[in-house]
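The values are calculated or read from the model by the stated rules, or taken from the named source; none is laboratory data. Note that the structure is predicted; figures quoted are calculated from it, not measured. Glycine also receives a Cβ, built like all others from the backbone with ideal geometry; neighbour counts cover every protein chain displayed.
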Amino acid sequence: MPKLSADELNDPVTAHARRDYVTLHVQHTVGQALAELRQQQPSGRILYFYVVDDQDRLVGVVPTRPLLLSPEDRPLRHLMNPRVISIPAEATVAEACEFFIMHKLLAFPVVDANHRLIGVVDVDLYTREMADLERREARDDLFQLIGVYSSPGPAGPVTSFRQRFPWLLTNIGGGLVAAWLTGFYESELNQLVALALFIPVVLALAESVAIQSVSLTLSVLHTSRPRWSELLPRVSGELLTGGLLGLSCGLVVGLVALSWLGLVIVGVSVMGGILLGVSAAACLGVTIPAVLKLLHLEPGVAAGPIALASADLVTLLAYFSLARYLLNGLSV
């Protein structure tokens, strides 16, 4: 079975579409359609029978079993499904593969702007692409979260350094900014030293959720191509998940802090910091890999460091800002 190269994923799907498909006329009966098939004796593999009108426009699809088992006098228009899922001719191979993931069909017709049938792509296209993609990308996931990239080919120390180090600067920069933020809220820490006790657990929860979201997003990106129009719905869904995770974890840790120290400000700050930090981390974990992919950058090596550094900054900012707000409210 021939493999698809990375370049071929950007080919127009028409370059890989089969032309030996079978069409039936919408005005025929089952008997007339079967007689025409016997006369044509198509050579290609038949998964679905596509129904066209006088202008060769696609108007329906008939699976093989209903066609063979229906009475011969039954009109095809009563047998066919008029809601045909078709692939536009301007789609790429990668976009066509998304149809197999979303709709779970064995083949799709390819149509032009006038909805005329010009070809068919079957599941072989998808399986070839997946087989090659898994071989090329499965090795890259293990180290992506800490900014270590497993190269598909032999790479010298200098090449590996150049691939890894720039993205690790994100963690260094994030750590330095986090230290600056801590100093910026020094007065709050001096007033309430107990706030510092919970910084590790607040950051750890946000980082863990960010890692989970990045991992799940990367697995999706291996089998589907992101689009800008799909980014907002994905982020919205992850925001809800992150909010539920943050609320649950925040309640647990906040109640522990409250029962341990008896300080309402600390308990509420921990609870709110975890809720806001985890929610933001979940959104960042989805957004960053998708945006990197859309910008034609490698999300496997860059998404982890950027997401972790961003989650740390947002979480610390939320935690300390909430504590400052509560302290100022009490002092008024």
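Descriptive notes on the structure:
- Listed conditions (1) buried (at least 19 other Cβ atoms within 10 Å of the Cβ); (2) at pLDDT 85 or above are all met by V301, apart from (2).
- Within the stretch 27-75, the set of residues being under 17 Å from I118 (Cα atoms), not polar (S, T, N, Q) and not in a strand (DSSP E or B) comprises P42, G44, R45, I46, L47, D53, D54, D56.
- Screening the stretch 214-227 for residues that are in contact with a helix residue (DSSP H, G or I) (Cβ under 7 Å, 6 or more places away or on another chain) and within 15 Å of E98 (Cβ to Cβ) and picking the one that is modelled with the lowest pLDDT gives T223.
- Residue match in the stretch 102-112 (condition: surrounded by fewer than 16 Cβ atoms within 10 Å (Cβ to Cβ), within 27 Å of the chain's Cα centre (by Cα) and either modelled with pLDDT of 90 or more or of a type in the set (K, R) (or both)): yes
- Restricting the stretch 163-183 to residues that are touching a Phe, Trp or Tyr at 6+ places or on another chain (Cβ under 9 Å) and at pLDDT 70 or above, the residue that is farthest from E298 (Cα to Cα): T182
- Residue in the stretch 80-94 that is assigned to a strand (DSSP E or B), surrounded by fewer than 16 Cβ atoms within 10 Å (Cβ to Cβ) and in contact with a His (Cβ under 9 Å, 6 or more places away or on another chain) present: no
- Scanning the stretch 65-106 for residues that are farther than 15 Å from V123 by Cβ and of a type in the set (A, V, I, L, M, F, W, C) yields L67, L68, L69, L76, L79, M80, V84, A89, A91, A94.
- Checking each residue in the stretch 206-251 for being in contact with a Leu (Cβ under 6 Å, 6 or more places away or on another chain) and acidic (D, E) picks out only E207.
- Candidates L231, L251, filtered to the one that is at pLDDT 90 or above, part of a helix (DSSP H, G or I) and surrounded by fewer than 16 Cβ atoms within 10 Å (Cβ to Cβ): L251
- Any hit, the stretch 262-285, residues being under 18 Å from L221 (Cβ atoms), touching a residue at least 24 places away in the same chain (Cβ under 8 Å) and part of a loop (DSSP other than H, G, I, E, B): no
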